[in-house]
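Report on one structure; see the data block that follows.
Readers should treat all values here as calculations from the given coordinates under stated rules, not as data from a laboratory. Computed from a predicted model, the values in this text were never measured in an experiment. Counting neighbours? That spans all protein chains shown, and the Cβs are built from the backbone with ideal geometry, glycine included.
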Amino acid sequence: MLQTLKIENVALIDNLTVDFNKGLNILLGETGSGKSLIFNSILFVLGSKSDKTLIRNGKDFMRVEALFVNLSNQVKDFLNQSGFEIDDELLISRSYFLDNRNVIRINNSIATSSFLKSLGILLADCYTQHESVDLLKNKNHLSMLDKFGGNELQVIKEEIFKLLADRKDLEKRIQDLGGNDADRERLISILRYQIEEIENADLQIGEDEEINQRLKILNSAEKIYEAVSCCENLLSANVDSVVNSLQECSAQLSALSAIEDLEKLKERLDSCRYEIEDINQSLIDLRDTTNFDEKEFEHLDSRKDLIKNLNKKYGGTIENVLAFLKSAKEKMSMLEDGEFALEKLKVEMKKTNNQLWTLAEKLSNLRKDLAKEVEEKVVSQLKDLGMKSSKFTINFEKLENVGNNGQDEVKFSFSANAGQEVKELSKTASGGELSRFMLAIKNIFAENGSSDLMLFDEIDSGISGETGRVVGKKLRNITNFTQVLCITHLPQVASFGDNFINVFKTEANGQTYSNAKILQGEEIAVAIAKMTGGNEPSQLAISHANELIKQAKEN
């Protein structure tokens, strides 16, 4: 049950605290006073989509806190399984900022938006005009029916979900083994070709870099030969004279080795001599090996193209190509030896499919039994709501494949009047009929203990008079199972309330504010009288409102 709601910076609401009680809580007030803002605040704190336009003008955030008490076991179990320590009170706080940040706390522990949304579904069930649109969509009918199914139906759906995951894994493993015989042979043939292509290339790591370097030399062979020859000739012409001079200098200094500075100079002279001799010999060797070999060039160029092609096909580098080779050998070995494993997997797949079909059939039969029960209950509720000749059927269509929801597709069909053909809900129900239909559905949900709180935003749309009294009675009936909050403009509905909250607007310092007040005693009759008698209802209108309240209590 929602006990207290604190709202800060939500549109016209600056700072507001509203207390609710068990039973039927009626929100009264003129159009635009802020009743829907209170509902939107509840939906916001229970995980609905954030909306910047709801942040009060001039503020950079909005915040809503909701205190729930007397929690259902379903809510307690969900919170405990999720790691939240819960007794019998639950405090939810959610703040939303202009920069799109969400800050959510559950009993002062940080929580995510997705978790809050899951929790909110368990805590509250809301009827709005948007939900009546969803009711018209056939794609939503199966999930609505399943809500009536309880734990048994949910267990079957979870088993189907697990089997579908197992089947997906089996499909992958079968695919890894080549699928059927023809696919496996085709894959073995492809792998054999790839292995032979790579093995015949006899690749060596680093080979591509060596080839590129040698091709650079061959492409520039003539220029390299001329430059090296020139340097070698210049050195060779004078090298003996230079070397002999360096040797003579070194010998002269050897006699003075006791002098440290001269010894160091001698060592440097020796180093120069050895370096010159080495450079000269290297130039001679490079000159002798730098000659353009057309056959070598063609071979290396062809080898380069081969490596480039293999890299492109199998991984981008020689290392990756060799890794692909290893993997391909392992896969081909598995495929060649995998016939027995493949047959075993096929047997498992057949068994899994049989289990899926069996569970899907079981689920479908359970739904059909459930559908008959729901049909009877809905029609009974609709008759109470003044639709004496209404008909309601739940039609099934079997899908070709088993999915997460089994093999069923479900459509709601409806007829409001005698002699009228039963048609899809979207093609036959008026606004008022939809409101009553939704109220019938919600009454059945309440009996199943579907949530701790039910919200109704103008469930009385399109109805009036005696039907309004029946709607009020149905709403009060729901309070036998759960707390109800209702926005209404019908005095017949409002008269059935247990608690009354008047929402109104005030102005101060050029600003408009929405406020709320708990009504007591005669204030309740006056507020109900205003629904028909205007802001200044007559004593007769007030007396009529009191009579409505009296009759509601007697019903």
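Relative to the Cα centre, the charge distribution of the chain, modelled as +1 at Lys and Arg Cβ and -1 at Asp and Glu Cβ, gives a dipole magnitude of about 4200 debye.
Residue-wise HN-Hα couplings along region 89-102, as the Karplus relation 6.51 cos²θ - 1.76 cosθ + 1.60 with θ = phi - 60° gives them from phi, are 10, 9, 10, 10, 10, 9, 10, 9, 10, 4, 8, 6, 6, 10 Hz; Gly and Pro carry x. On C-alpha positions alone, give me the angle between the axis of helix 260-289 and the longest principal axis of the chain, in degrees, nearest 10. Computed tilt is about 80 degrees.
Convex hull of alpha carbon positions in the chain: directionally averaged projected area 51.7 nm². Got a sec? Charge dipole of the chain, +1 on Cβ for Lys and Arg, -1 for Asp and Glu; which of G521, L300, V484 is way out at the positive end? The Cα lying farthest towards the positive end belongs to G521.
In terms of its alpha-carbon gyration tensor, region 340-427 comes out prolate; a/c meets the 1.5 threshold, and the first ratio a/b outweighs b/c. Put a plus charge on the Cβ of each Lys and Arg, a minus charge on the Cβ of each Asp and Glu, and nothing anywhere else: the dipole of region 1-106 about its Cα centre is then about 320 debye. Bridgeable aspartates and glutamates around K308 (alpha carbons under 16 Å apart, same-chain partners fewer than 8 residues away excluded): E197, E199, D202, E207, D208, E209, E210, E298, E319.
When the Cα atoms of region 301-385 are aligned to their principal axes, the ranges along those axes come out at 91, 36, 15 Å in descending order.
Given axes a ≥ b ≥ c from the Cα gyration tensor, I'd like to know whether region 52-154 is rounded (a/c under 1.5), prolate (a/b larger than b/c) or oblate.
Because a/c hits 1.5 or more and a/b fails to exceed b/c, region 52-154 counts as oblate.
Each of F414, F148 was scored by other Cβ atoms within 10 Å of its Cβ. Listed from fewest to most, they are F148, F414. Relative to the longest principal axis of the Cα atoms of the chain, the long axis of helix 539-554 makes an angle of roughly 80 degrees.
With a threshold of 28 Å on the Cα-Cα distance, the over-threshold entries among K49/K473; K49/K505; K351/K377; K139/K442 are K49/K473; K351/K377. Summarising the strand pairing of the chain, around 75 percent of its internal DSSP beta bridges are antiparallel.
Each peptide in 535-546, 21-32, 433-444 was scored by the mean count of other Cβ atoms within 10 Å over its residues; highest first, the order is 433-444, 21-32, 535-546.
Can you give the angle from 0 to 90° between the axis of helix 35-45 and the longest principal axis of the chain, with both taken from C-alpha atoms, to the nearest 10? Value to nearest ten degrees: 40. For the chain, the residue among A371, G472, A201 whose Cα projects farthest onto the positive side of the dipole built from Cβ charges is G472.
Beyond 18 Å in Cα-Cα separation lie the following of the pairs K6/K35; K137/K411; K168/K362; K368/K398: K168/K362.
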